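The values are calculated or read from the model by the stated rules, or taken from the named source; none is laboratory data. None of these values were measured; they are calculated from a predicted model. Here the Cβ positions follow ideal geometry from the backbone for every residue, glycine too, while neighbour counts run over all protein chains shown.
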Amino acid sequence: MNLKNLLESPGGAELVRRKVRRLVIMGGQWDPPDTLLFDSMNLAGQNSIAPAYEAGKFIVDQWPTEMVFTGILMGRAVKTGDALKQTPELNPVREVYRLCKAARKQANWDHPSYDQEAVLFAARGEGDLFRRHGGGAPEMLLQNDPKTGKPAWRTRWRTDRVSAHGYLTLAREPAKVAQAIESLMIQPPRPPGNGTP
């Protein structure tokens with residue numbers, strides 16, 4: 001909703017054009033292209049009329065600068081978190097994983113890396129972990145779910161359209177991507193004033 005409100009506000013779209021080079025979104029499912037995919041987490045969800053999901057479609061259709069999507073299947077393939085058990089108990093990321101996994105009675109802390117992949121790409125680009133695919137445009141539409149018969153939002157990558165947008169796939173095997181992400185997740189915070197690399 002916030003991004004939709006920004007674009008619809010006076011001068012909002014122009015502000016985005018001037019200040020936002022790339023928007024990275026975790027959500028939807030885009031690979032294989034030209035295939036209507038029935039797993040649209042984050043962008044679409046299950047409620048076909050919720051304003052937040054309509055806002056997701058608005059952003060997919062109207063965002064004025066580059067968008068790159070990390071899809072659901074990528075996140076499901078890369079599991080991270082168990083290495084946090086090796087970090088100090090005061091580590092806030094460790095504590096979040098501990099609480100979530102304790103509530104679910106799960107001894108293994110590994111979890112799909114949906115958000116971590118998006119953040120890593122946003123901060124460091126493709127590197128040798130990801131492959132960006134362009135040559136098309138994202139689409140969100142409302143269609144009946146073949147399992148339930150109820151309307152639900154769906155996503156697909158349209159190669160018959162032109163845009164500055166793209167989606168990612170893994171360029172390395174999931175275990176290598178997980179290792180790279182976990183090595184960052186377990187790093188202790190830097191003391192204030194040390195700067196960033």
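Observations, loosely collected:
- Per the listing Leu129, Leu168, the residue uniquely touching a Ser or Thr at 6+ places or on another chain (Cβ under 6 Å), under 14 Å from Ala77 (Cα atoms) and aliphatic (A, V, I, L, M) is Leu168.
- Taking each residue of the range 122-144 that is more than 16 Å from Thr169 (Cβ to Cβ) and looking for partners that are modelled with pLDDT of 95 or more and outside any loop (DSSP other than H, G, I, E, B) with beta-carbon atoms closer than 6 Å, six or more apart or interchain, yields Ala122/Val24; Ala137/Arg158; Glu139/Arg158.
- Close pairs from the range 183-197: first in a loop (DSSP other than H, G, I, E, B), partner at pLDDT 75 or above, Cβ under 6 Å, at least 6 apart: Ile186/Ala83; Ile186/Thr87
- Test: residue in the range 39-62 that is modelled with pLDDT of 90 or more, buried (at least 19 other Cβ atoms within 10 Å of the Cβ) and not basic (Lys, Arg): yes
- For the range 80-127, a tally of residues being charged (D, E, K, R), within 26 Å of Val20 (Cβ to Cβ) and surrounded by fewer than 16 Cβ atoms within 10 Å (Cβ to Cβ) returns 3.
- Residue selected from the range 128-159 under the condition among the β-branched types (Val, Ile, Thr) and modelled with pLDDT of 85 or more, by the criterion nearest to Ala118 (Cα to Cα): Thr155
- Scanning the range 151-182 for residues that are free of Cβ contacts under 8 Å to residues at least 60 places away in the same chain and among the aliphatic types (A, V, I, L, M), we see that the one that is surrounded by the most Cβ atoms within 10 Å (Cβ to Cβ) is Ala171.
- Considering (1) under 19 Å from Ile72 (Cβ atoms); (2) surrounded by 11 or more Cβ atoms within 10 Å (Cβ to Cβ), the lone condition that Lys147 does not fulfil carries the number (2).
- Total residues in the range 4-22, condition assigned to a loop (DSSP other than H, G, I, E, B) and either touching a residue at least 60 places away in the same chain (Cβ under 8 Å) or surrounded by 12 or more Cβ atoms within 10 Å (Cβ to Cβ) (or both): 1
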